[in-house]
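Here's a structure for you.
The values are calculated or read from the model by the stated rules, or taken from the named source; none is laboratory data. Only a predicted model underlies this, so the values are computations on that prediction, with no experimental measurement involved. Cβ placement follows ideal geometry from the backbone for every residue including glycine, while neighbour counts extend to all protein chains displayed. In case anyone asks, the SASA skips ligands and DNA or RNA and just uses the protein heavy atoms, side chains included. Shrake-Rupley method; radii C 1.70, N 1.55, O 1.52, S 1.80 Å.
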Amino acid sequence: MILEASDVLRSGGLVAFPTETVYGLGADATNSTAVEKVFKAKGRPPDNPLIVHVGDINQLRAISKILTPNAMKLAEAFWPGPLTLVVEHRNLFPPIVTAHLPTVALRMPDHPVALALIKALGTGLVGPSANLSGRPSPTTARHVVDDLDGIVDVILDAGPTTIGVESTVVDVTTDSAVILRLGGLPREKIEAMVGHVRMASELKELQHSPGTRHRHYAPNARVELVPENDHSVFAAKLSTLVGARLRVGCMIHSESLFHVAREMDVEVVQISAEEYASKLFYMMRKFDADGVAVIMIEKIPEIGIGEAVMDRLRRAAER
Ligand code: TXA
Ligand code: MG
């Protein structure tokens, strides 16, 4: 299956592949026609550059123009894993891959299928999340079919992904690392290696990850975030929605909110705060499929991966 898939990539086709974070939409990074297909398939704006997936740290050395100490430290500590490093490149890929930027985003995923595919291809595998632009990222092969059926040539199904939110993107072009996108690797772990890291959103210069400008992670239903453990706020909001005859789905973790939802007889899933990351996009897509109009989600503490989860939730709730 891997060899068939790498043949498809080599002849310019598209292969959806599993990673530990979300499913990716793969193409040969050295083939600009194939890469163009990726942008088209997703409806992705051409100013939003792609991640190139690599199979080992040697590729980081080969692709980077300047290898900063931060780049080496973080790759050695966290690759393979949910960490994408933005480095200056040596023009080894067609400019469409990086949206003509002097930098490229590199990641070595922690998934045997992805690593086998990268190895079999041998060049570099572009892989944005395998969803239509703006939609929640796919955490199962079914989600890929729902968004890209007929467009992608092969889907490698390895079951649900384990982490469930995308990788953390870190700019390591200078000696002070900057987080461009929160993600599966918690900020605390990065800081333990390289000291304090700044967030692109806190910087005055527009050093943001190009992708974060665009609307993201949104289900069709409206998303409302509710404070943790506050059953009176939740009950008031919920009764207004139910009174307006809107179909409501709830994703919560506390007992107190669970009881309120049960009493009002709405669709509810209770999962622990720790499980939020892995179930978040899954639940958004499930509620959409069920025809829910409003998804109420209880907030979680912004520690560890909770910081990335709350980032995605706020974006999903923006209208
Ligand atoms: O977990 C993940 O990262 C998944 C899996 C499939 O690996 N991929 C993924 O790719 O989320 P995508 O394309 O959906 O997100 C890549 C992010 C975007 O926000 C993009 O703007 C940013 O990385 N990015 C890519 N190249 C960049 C560059 N040269 N400079 C700054 N940001 C860059
Ligand atoms: Mg994406």
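Angle check, please: helix 255-264 long axis (alpha carbons) against the longest principal axis of the chain (alpha carbons), in degrees 0 to 90, nearest 10.
60
Quick check: Cα centre of the range 265-319 to Cα centre of the range 28-89, how many Å?
For the range 265-319 versus the range 28-89, the Cα centre distance is 28 Å.
For each pair in 40/299; 40/286; 189/237; 65/299, compute the distance between the two Cα atoms and list the pairs where it is over 30 Å.
Values: 40/299 35 Å; 40/286 26 Å; 189/237 37 Å; 65/299 42 Å.
Checking Cα-Cα distances, 40/299; 189/237; 65/299 exceed 30 Å.
Take every Cα pair under 8 Å in the chain that's 6+ residues apart, average their separations, divide by the length, and report that relative contact order as a whole percent. Let's see the in-between values first.
On the way: 680 pairs, mean separation 61.2, N = 319.
Value for the chain: 19 percent.
With every protein chain left in place, what is the accessible area per residue of the range 16-75 in square angstrom, probe 1.4 Å?
Working: 2050 Å² over 60 residues.
Result: 34 Å² per residue.
What longest range of the chain stays clear of loop-exposed GluC sites (Glu not before Pro) (DSSP non-H/G/I/E/B, at most 12 other C-beta within 10 angstrom)?
Numbers: sites that count: 205, 318.
After excluding every exposed loop site, the longest remaining stretch is 1-204.
Which value, in Å², gives the accessible area per residue of the range 186-316 when a 1.4 Å probe is used on the protein heavy atoms?
Numbers: 6440 Å² over 131 residues.
Normalised by residue count, the accessible surface of the range 186-316 is 49 Å².
Let me ask another. Can you work out the accessible area per residue across the range 76-165, with the rest of the protein chains kept in place, probe 1.4 Å, in square angstrom? It would help to have the intermediate numbers written out before the result.
On the way: 3500 Å² over 90 residues.
With all protein chains present, the range 76-165 gives 39 Å² per residue.
Roughly how much of residue 73 is accessible, in Å² to the nearest 10, using a 1.4 Å probe?
90
What are the ³J(HN,Hα) couplings of the range 80-86, residue after residue, when phi is run through the Karplus curve with 6.51, -1.76, 1.60 and θ = phi - 60°? Round to Hz, x for glycine and proline.
Here the 3J(HN,Hα) series is x, x, x, 10, 10, 10, 9 Hz.
Here's another thing I want to ask about it. Carbon and sulfur atoms: what percent of the 1.4 Å accessible area of the range 108-160 do they account for? Please list the in-between numbers first.
Details: 1060 of 2040 Å².
On the range 108-160, the fraction of accessible area on carbon and sulfur atoms equals 52 percent.
What does the charge add up to near residue 124, with Lys and Arg as +1, Asp and Glu as -1, over the other residues with Cβ less than 15 Å from its Cβ?
Working: positive: 10, 61, 90, 107, 119; negative: 28, 56.
Residues close to residue 124 contribute a combined charge of +3.
Among the aspartates and glutamates, which have Cα under 20 Å from the Cα of residue 73 when same-chain residues fewer than 8 positions away are ignored?
56, 88, 110, 171, 175, 188, 191
Same structure, new question: Angle check, please: helix 306-317 long axis (alpha carbons) against the longest principal axis of the chain (alpha carbons), in degrees 0 to 90, nearest 10.
Computed tilt is about 70 degrees.
Please say if the range 123-202 is rounded, prolate or oblate, where rounded means a/c under 1.5 for a ≥ b ≥ c the square roots of the C-alpha gyration tensor eigenvalues, and otherwise the choice is prolate for a/b larger than b/c and oblate otherwise?
Numbers: a/c = 2.57, a/b = 2.34, b/c = 1.10.
Since a/c reaches 1.5 and a/b is larger than b/c, the shape of the range 123-202 is classed as prolate.
Check the straight Cα-Cα distances from residue 42 and name the aspartates and glutamates below 20 Å, setting aside those fewer than 8 residues away within the same chain.
Correct list for residue 42: 28, 146, 147, 149, 153, 157, 166, 288.
Another question about this same structure. Per DSSP H run of n ≥ 4, the term is -39500 (n - 2.57); total these for the chain, divide by its residue number, and report the mean residue ellipticity at 222 nm rounded to 500 deg cm²/dmol.
Working: 11 runs with 112 residues, N = 319.
My calculation for the chain gives -10500 deg cm²/dmol from helical runs alone.
Continuing with this model, one more query. Remind me, what semi-axes does the range 173-307 give for its equivalent ellipsoid, largest first in whole Å, using sqrt of 5 times each Cα gyration tensor eigenvalue?
Details: eigenvalues 226, 56, 32 Å².
For the range 173-307, the semi-axes come out at 34, 17, 13 Å.
Remind me, relative contact order of the range 1-146 in percent, using alpha carbon pairs under 8 angstrom and six or more residues apart?
On the way: 280 pairs, mean separation 52.8, N = 146.
Averaging sequence separation for qualifying contacts and normalising by length gives 36 percent for the range 1-146.
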